[in-house]
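Asks: Okay, here's the structure, questions in a sec.
The values are calculated or read from the model by the stated rules, or taken from the named source; none is laboratory data. Model, not experiment: these values are computed from the prediction. Counting neighbours? That spans all protein chains shown, and the Cβs are built from the backbone with ideal geometry, glycine included. Ligands, DNA and RNA are stripped out before the accessible areas are found, and what is left, the full protein with its side chains, is counted by its heavy atoms. Shrake-Rupley method; radii C 1.70, N 1.55, O 1.52, S 1.80 Å.
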Amino acid sequence: KDKTIFDGIDYWRKQAGDALFGYENFAELDFLLARLQSDDFTKVAADIVDMDSFYHWNIVALLAGSNHQSSWGNMRLYFNNAKGKFEFIPWDVGTKNYLPPQLTNIIVEKTLANPKFYLQRNQRLWNYVKDDKNLADDLRYYDDLYNKIKPAFYSDFKKHDNNATFNRLVADIRGQYVAIFSQLKDLFTKDRVELVV
C-alpha cells in the first residue's frame with residue numbers, strides 16, 4: 001500500500017516556529033491524523049477542523065481545478081490555538097482548464113462524507129459561481145495583478161521565459177480559470193446522470 005501524508009506525522013514538517021515551545025510539537029496534528037483513521041471522523045470533524053476555512057480552501061481548489069493538494073503533498077495546515085481547530089492554507093494550487101477526475105484527499109473525502117458538510121460546501125460554491133459578477137471581479141483582480149508585475153517581469157533580463165511566453169502563459173491561466181468557473185456552474189445547472197451497466 002502506498003503511504004500518504006495522512007498515515008503519520010513522519011511525513012510532516014513545521015514551517016513556522018512556536019514561541020511558547022522550543023521543540024517540534026506535533027500533538028495536535030497527531031490527534032487529527034488518528035481521528036482521520038477512525039470510523040466516526042465525519043461526526044467529530046467540526047470539533048477539530050475550522051469548517052469555514054475548510055470550505056474556503058476546498059472551493060479555491062475546485063475553482064482552480066486543482067488536485068495538487070492531495071494525500072501525497074502540498075497540504076498546509078495551521079492549528080489555530082485560539083479556536084482549538086485546524087485551518088487550511090491554499091498552497092501550490094495550480095490551475096487546469098478542466099475538472100480532474102479526482103479533486104480530493106482523505107480530509108476532503110472523510111469530511112464531505114457527512115451530508116450536512118457536503119451540502120454546505122455545495123451551497124457556498126453555488127452561491128459563488130451562480131453570480132457572474134464574481135467571475136468578473138476575479139478577472140479584474142487577475143488583470144490588475146498582471147499589470148502591476150508586468151513592468152518588473154519585462155525589465156528582468158535573466159528571466160527564464162521571454163515576454164511573449166510570459167504573456168501567453170498569463171492569458172492561458174486566465175482562460176483556464178474562466179473554463180473551470182463555467183464548468184462548475186454547469187454542474188449545478190444541467191442534469192447529468194451516468195450509469196454503468
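Asks: Condition test on Arg140, is it assigned to a helix (DSSP H, G or I), out of contact with any Asp or Glu (no Cβ under 9 Å at 6 or more places or on another chain) and open to solvent by less than 60 Å² (accessible area, probe 1.4 Å)? Full working, then the answer.
Replies: Values: assigned to a helix (DSSP H, G or I): yes; out of contact with any Asp or Glu (no Cβ under 9 Å at 6 or more places or on another chain): yes; open to solvent by less than 60 Å² (accessible area, probe 1.4 Å): no.
Here the answer is no, as Arg140 does not meet what is asked.
Asks: Taking the options Phe157, Phe166, Phe117, Phe181, name whichever one is over 19 Å from Trp57 (Cα atoms) and open to solvent by less than 60 Å² (accessible area, probe 1.4 Å).
Replies: Numbers: Phe157 fails: open to solvent by less than 60 Å² (accessible area, probe 1.4 Å); Phe117 fails: over 19 Å from Trp57 (Cα atoms); Phe181 fails: over 19 Å from Trp57 (Cα atoms).
Just one listed residue meets the conditions, Phe166.
Asks: Based on this model, can you work out whether Arg140 counts as of a type outside the set (Gly, Ala, Ser), at pLDDT 95 or above and within 18 Å of the chain's Cα centre (by Cα)?
Replies: Taking the combined requirement at face value, the residue does not satisfy it.
Asks: Scanning region 5-61 for residues that are within 29 Å of Gln123 (Cβ to Cβ) and in a loop (DSSP other than H, G, I, E, B), which turns out modelled with the lowest pLDDT?
Replies: Restricting to residues being within 29 Å of Gln123 (Cβ to Cβ) and in a loop (DSSP other than H, G, I, E, B), the top hit is Ser38.
Asks: Can you pull out every residue in region 120-137 that is assigned to a helix (DSSP H, G or I) and loosely packed, with under 14 Cβ neighbours inside 10 Å? Steps first, please.
Replies: Applying the first criterion (assigned to a helix (DSSP H, G or I)) to region 120-137 yields 120-129, 132-137.
Those that are assigned to a helix (DSSP H, G or I) and loosely packed, with under 14 Cβ neighbours inside 10 Å: Gln123, Asn127, Asp132, Lys133, Ala136, Asp137.
Asks: Separate question: Looking at region 87-109, is at least one residue over 19 Å from Gly175 (Cβ atoms), in a helix (DSSP H, G or I) and open to solvent by 60 Å² or more (accessible area, probe 1.4 Å)? Give the derivation first.
Replies: Just the residues of region 87-109 that are over 19 Å from Gly175 (Cβ atoms), to begin with: 87-92, 101-109.
Applying the additional criterion that residues be in a helix (DSSP H, G or I) yields 106-109.
In the following step, the residues that additionally are open to solvent by 60 Å² or more (accessible area, probe 1.4 Å) were identified as 109.
Within region 87-109 (the criterion being over 19 Å from Gly175 (Cβ atoms), in a helix (DSSP H, G or I) and open to solvent by 60 Å² or more (accessible area, probe 1.4 Å)), the answer is yes, since at least one residue qualifies.
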